[in-house]
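Everything below concerns the one structure shown next.
Laboratory data are not the source of any read-out in this text; all were calculated from the coordinates shown. A quick note: this is a predicted structure, and the numbers were derived from the prediction, not measured. Positions of Cβ are generated from backbone atoms using ideal geometry, with glycine treated the same way; all protein chains shown enter the neighbour counts.
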Amino acid sequence: MSVTTYYEAHITMMGIAAYIKPAVEKLRWKFSVIEGDTNLGAGSKCYATKQFKASEEKEQVLQQLLDTANKLEGPFAEVLRRKIELVLYDDRSSTVRFTCDGLCPECQ
């Protein structure tokens, strides 16, 4: 069994998905929409999600999350939540794609 540990960052937003999606993708994050959220309640929520290698400094991961949320906040998107999870095990971790943004140790 191969175990891959990584950070997964999420920005949860309310707003117009047609405007939020291109903004999220331009920042090289993954976009999704979910109807109803366990913690935030009913209604459509837009999400920006990005995975980071566990070897990255958690302060850098947090700063990227905050910077991205600030860029997305605006007339078409209200940021409701910013969250970083440390994934210890995911049986689909072989499908996780890390997007290099130049901060990984291999690129420095």
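Seen from a random direction on average, the alpha-carbon convex hull of segment 6-99 projects onto 6.1 square nanometres. A simple spin-label model places pseudo-atoms 7 Å from Cα toward Cβ; at L88 and A18 they are separated by 4.5 nm. Measuring r between the beta carbons of E8 and F76 and using R0 = 22 Å, the FRET efficiency lands at 0.35.
Annotated for segment 6-99: lysine pairs at least 8 residues apart or interchain, Cα distance under 21 Å, count 25.
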